[in-house]
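Just below is one structure, and these are the notes that go with it.
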Amino acid sequence: MCGCAFAPAPDLQRLYETRPLMRDTSVEAGVVETPVILVHGVFGARLRDRDTGKEIWPGGIASLLFNRYDDIALPIDAETLQPAASKLEAHAITDRAAGRDFYGAIIRTLETAGGYVKGIPGEPVNDGRRRYYILVYDWRQDNVQTARRLDELINRIRADYADPELRVDIVAHSMGGLATRYYLRYGTTDVLDGNDFPMNNRGATRVRKVILLGTPNLGSVSGLNEFLQGFKVGLRRIPTETFATMPSAYQLFPHPIRSALVSARGEVLDRDLFDVQIWRAFQWSIFDPQVRERIIKRFPDTGQGAAYLALLERYFEKHLERARRFVWSLTVPVEYSMVRHVVFGGDCELTPARILVEEVKGESMLRLRPREIAKRRPGVDYDKLMLEPGDGRVTKPSLFAREALDPTVPRHRYSYFPMDHSILLCESHDNLTGNISFQNNLLNILLTRDQPLAPKSMRP
């Protein structure tokens, strides 16, 4: 006889299957069910060869176990220092890979419990059913490009609904939340070529609610760690020089208001992660001699390898600076947000929050984890110094766009974040979508008919 106790789980279909109880099944005359757009995060779309149709990311089990994925690196235009046309295209969401469920859980929740059907862009809507759409985008590209893709999809949905004033709901996971937030403020305008960020609120006029799931609103030290040492997939790592070709990877770096670098004494180091000279001085990423040698060896001719490396350095500097402006563009204050923001995230797993720089025999060595520290100083709690509660990839302060973990500490004056409310889960980053509490609250938020926002003249 088992003495195990199981926590009860909500019956989502029972909770949200309310229409049969209503006398008028049309609910309200003229009311349109708000369409929902799902925006995935980094690695969240499958990439295939445009010509052959062969899937490159994530591919089959063998690829996930043994591939270094060198072929997902973006080509570089030497004149513009922007990504050149890629032979790869994003063609479908990564719902499942190697037995792991990523976005399939959200889709099943919307369909089976929420009564949504998948919307097809370009297909007119006239039956009154709830619809969800998926923004499938190339997650390697600049988030400004993703914002433009989002705008195109919303315009298409408006045309399909024959409603030029239609507003949508957005459910955005991880980096998808950053692209969404940029869109709300700046629409399709690229404001990253300067230090002024003129807002047009184009996206805010097209969106009703935004649900952010595990979004690193002040960046991710885990993302920085993976950029530095490569991202582990199966038995191999996607190398740092591959990430260095992806503009979006830089845009995940920790915001400057978060103290990301500390010394072994526990002191904050005044180092600018968005200054290429710091990367050169510390020999990080493509400035690491071993990485440079590896890059050059990929080319049949040494001269070609050296030329590509020089190009990659200029590209690196440009996109590092664009990333600085990107993270600032999301936190400068705005007068008022007309879009409701709901934030979900995890806070049960100790998550990288800072990188430690340790001096060893006159050399500055990076320590990404407390266990790597060679000589510990008395009285310094390295776990508390380097780790904070989160979901394993995004810390709670970053989730809430706050400088400090302590919620009583006032928000930094340059970390404006229009959060209506938040829901914390005891879940890891990659498993957030499958969490039953998230699914339950997601449907409750999407299906609740809110009161309209007060006119500006009535707001306090």
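Odds and ends about this structure:
- Members of segment 195-232 found to be more than 30 Å from S285 (Cβ to Cβ) and not small (G, A, S), listed by number: P198, M199, N200, N201, R202, T205, R206, V207, R208, K209, V210, I211
- When K87 is tested against (1) under 25 Å from T52 (Cβ atoms); (2) at pLDDT below 95, just one condition goes unmet, and that condition is (2).
- Of everything in segment 131-153 that is surrounded by 18 or more Cβ atoms within 10 Å (Cβ to Cβ) and touching a Gly at 6+ places or on another chain (Cβ under 8 Å), the residue that is farthest from E33 (Cα to Cα) is W139.
- Test: residue in segment 29-43 that is surrounded by fewer than 17 Cβ atoms within 10 Å (Cβ to Cβ), in a strand (DSSP E or B) and touching a Gly at 6+ places or on another chain (Cβ under 8 Å): no
- Residue within segment 424-440 that is in a strand (DSSP E or B) and buried (at least 16 other Cβ atoms within 10 Å of the Cβ) present: yes
- Helices (runs of 4 or more DSSP H) wholly inside segment 233-314 containing at least 1 residues that are surrounded by fewer than 15 Cβ atoms within 10 Å (Cβ to Cβ) and assigned by TED's automatic domain parsing to the domain that holds I355: 276-282, 289-297
- Residue within segment 165-187 that is among the basic types (K, R), in contact with a Phe, Trp or Tyr (Cβ under 8 Å, 6 or more places away or on another chain) and in contact (Cβ under 8 Å) with a residue 40 or more places away in the chain present: yes
The values are calculated or read from the model by the stated rules, or taken from the named source; none is laboratory data. Computed from a prediction, not measured in an experiment: that's the story for all the values here. Positions of Cβ are backbone-derived with ideal geometry, glycine not excepted, and every protein chain shown enters the neighbour counts.
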